[in-house]
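In what follows, a single structure is set out as structure tokens and then discussed.
The values are calculated or read from the model by the stated rules, or taken from the named source; none is laboratory data. What you see is a predicted model; the values in this text were computed from it and never measured. All Cβ positions, glycine included, derive from the backbone under ideal geometry; neighbour counts span all protein chains shown.
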């Protein structure tokens with residue numbers, strides 16, 4: 001099992017390029033199930049989650065070829081549309097094969113998904129939407145079993161909560177549904193709009209991308225296409241916070257500023273100087289860091305996937321800050337680890353009250369989920385002494401070579417493999 005050893009106290013300076021967005025690649029990979037022709041995806045990050053879904057798709061019968069940052073997928077047929085528990089348990093995004101399997105092959109059996117232990121993320125909205133489209137859906141022995149022998153039918157679907165994976169799954173299912181499907185209160189995240197545009201490039205007819213109302217007109221088939229993945233806004237935001245925390249000066253290339261407005265507002269409020277520079281964004285940290293309050297919300301609000309990283313920054317800010325998590329009920333698991341470094345954090349329900357300290361101290365830490373992993377690395381960058389972060393397989397699920405990129409910016413980090421574990 002790998003761990004990261006970090007010697008804190010180094011200012012980050014230089015340039016870094018943001019990789020493609022994991023949360024854009026995964027649903028599009030599932031979309032390859034909708035066509036027997038080749039789907040080519042470029043700017044694909046080298047991530048554990050990508051490999052996991054590639055394995056599941058291969059099991060289903062998809063021909064998967066990976067070469068550098070290029071992924072080619074083709075699905076001539078699926079012998080048995082079953083996604084087994086063993087291949088689904090580690091990643092929630094596996095649920096995204098449900099919609100396209102049902103839409104194209106008229107039946108699917110998909111294990112209830114796993115992923116980060118950050119709280120309940122029920123799939124009832126996925127199931128309710130599929131039922132409205134005429135599918136018979138049952139949950140038996142931990143599996144979702146869905147059938148639509150005569151094909152799915154267009155329907156009007158209102159999502160009680162603007163769920164990202166729910167919106168994507170229903171969009172994927174609706175591509176071949178007869179007639180028109182309308183999804184109201186759809187998720188607004190850029191990755192959802194990206195999926196709609198990518199499917200349209202393959203021959204789908206989806207309008208309203210990026211709005212709360214998606215309209216999908218059913219088509220008979222999709223064709224080959226090549227699609228470039230949008231940059232990862234969470235990776236970009238993590239580097240922005242890293243530069244701000246270390247009083248650094250970093251030019252972030254391929255930075256999707258349009259997708260980071262809520263974060264940029266809070267960083268500037270904390271005193272960080274952020275300017276566009278060509279196609280990149282320069283982030284200059286200023287001391288002292290000012291404390292800010294924030295509340296996580298669905299896009300375009302402050303992203304829950306940046307909450308842990310921002311909390312790490314607030315541990316060394318001057319004054320008191322309050323962070324309220326409204327998206328997931330169990331996303332403060334990094335608090336205990338930050339406290340081990342000397343952070344002053346009190347948790348009251350879904351709110352964390354942070355009183356900034358003058359310095360953090362290095363300590364042995366254990367990552368609990370993907371974004372918590374990143375927050376511990378950020379804290380280690382500014383801590384006095386050595387920080388060791390274990391269980392970094394969480395980090396590898398969502399960041400493409402994070403420590404290598406930080407090292408190029410001046411951080412002192414070493415990946416250590418414990419052979420006897």
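Here are the numbers for the structure shown:
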item: Residue within segment 349-368 that is without any contact (Cβ under 8 Å) to a residue 12 or more places away in the chain, surrounded by fewer than 19 Cβ atoms within 10 Å (Cβ to Cβ), closer than 13 Å to residue 315 by Cβ and in the same structural domain as residue 393 (by TED's automatic domain parsing) present; result: no
item: Pick from segment 383-394, criterion touching a helix residue (DSSP H, G or I) at 6+ places or on another chain (Cβ under 8 Å) and either outside the structural domain of residue 242 (by TED's automatic domain parsing) or crowded, with 19+ Cβ neighbours inside 10 Å (or both), ranking: modelled with the lowest pLDDT; result: 394
item: Residue 380 being surrounded by fewer than 24 Cβ atoms within 10 Å (Cβ to Cβ) and under 22 Å from residue 288 (Cα atoms); result: no
item: Out of 241, 216, sole residue that is in a strand (DSSP E or B), buried (at least 16 other Cβ atoms within 10 Å of the Cβ) and at pLDDT 95 or above; result: 216
item: Test: residue in segment 152-160 that is surrounded by 16 or more Cβ atoms within 10 Å (Cβ to Cβ), at pLDDT 95 or above and within 27 Å of the chain's Cα centre (by Cα); result: yes
item: Residue within segment 104-112 that is farther than 20 Å from residue 35 by Cα, free of Cβ contacts under 8 Å to residues at least 24 places away in the same chain and not in a loop (DSSP other than H, G, I, E, B) present; result: no
item: Check on residue 95, in contact (Cβ under 8 Å) with a residue 60 or more places away in the chain, in a helix (DSSP H, G or I) and either buried (at least 22 other Cβ atoms within 10 Å of the Cβ) or in the same structural domain as residue 368 (by TED's automatic domain parsing) (or both); result: yes
item: Number of the exception - residue 257 against (1) under 24 Å from residue 289 (Cα atoms); (2) surrounded by 24 or more Cβ atoms within 10 Å (Cβ to Cβ); result: (2)
item: Options 283, 229: the member that is within 14 Å of residue 190 (Cβ to Cβ), modelled with pLDDT of 95 or more and buried (at least 21 other Cβ atoms within 10 Å of the Cβ); result: 229
item: Flag for residue 199 being more than 19 Å from residue 128 (Cα to Cα), buried (at least 24 other Cβ atoms within 10 Å of the Cβ) and in contact with a strand residue (DSSP E or B) (Cβ under 7 Å, 6 or more places away or on another chain); result: yes
item: Flag for residue 209 being part of a loop (DSSP other than H, G, I, E, B), in the same structural domain as residue 179 (by TED's automatic domain parsing) and either under 29 Å from residue 412 (Cβ atoms) or touching a helix residue (DSSP H, G or I) at 6+ places or on another chain (Cβ under 8 Å) (or both); result: yes
item: Any hit, segment 31-53, residues being in a strand (DSSP E or B), outside the structural domain of residue 243 (by TED's automatic domain parsing), in contact (Cβ under 8 Å) with a residue 12 or more places away in the chain and within 18 Å of the chain's Cα centre (by Cα); result: yes
item: Every residue from segment 59-81 that is part of a loop (DSSP other than H, G, I, E, B), farther than 13 Å from residue 31 by Cα and in contact with a strand residue (DSSP E or B) (Cβ under 7 Å, 6 or more places away or on another chain); result: 69, 81
item: Number of positions in segment 62-86 that are over 20 Å from residue 228 (Cα atoms) and out of contact with any helix residue (DSSP H, G or I) (no Cβ under 9 Å at 6 or more places or on another chain); result: 3
item: Conditions (1) in contact with a helix residue (DSSP H, G or I) (Cβ under 9 Å, 6 or more places away or on another chain); (2) part of a loop (DSSP other than H, G, I, E, B); (3) more than 21 Å from residue 405 (Cα to Cα): number failed by residue 307; result: (2)
item: Of all residues making up segment 252-277, the number that are touching a residue at least 40 places away in the same chain (Cβ under 8 Å), part of a strand (DSSP E or B) and farther than 17 Å from residue 404 by Cβ; result: 0
item: Residue within segment 272-279 that is over 27 Å from residue 351 (Cα atoms) and either assigned by TED's automatic domain parsing to the domain that holds residue 166 or within 24 Å of the chain's Cα centre (by Cα) (or both) present; result: yes
item: Any hit, segment 395-405, residues being part of a strand (DSSP E or B), at pLDDT 95 or above and in the same structural domain as residue 288 (by TED's automatic domain parsing); result: no
item: Residues satisfying the stated conditions in segment 356-377, i.e. over 17 Å from residue 413 (Cβ atoms) and part of a loop (DSSP other than H, G, I, E, B); result: 356, 357, 358, 359, 368, 369
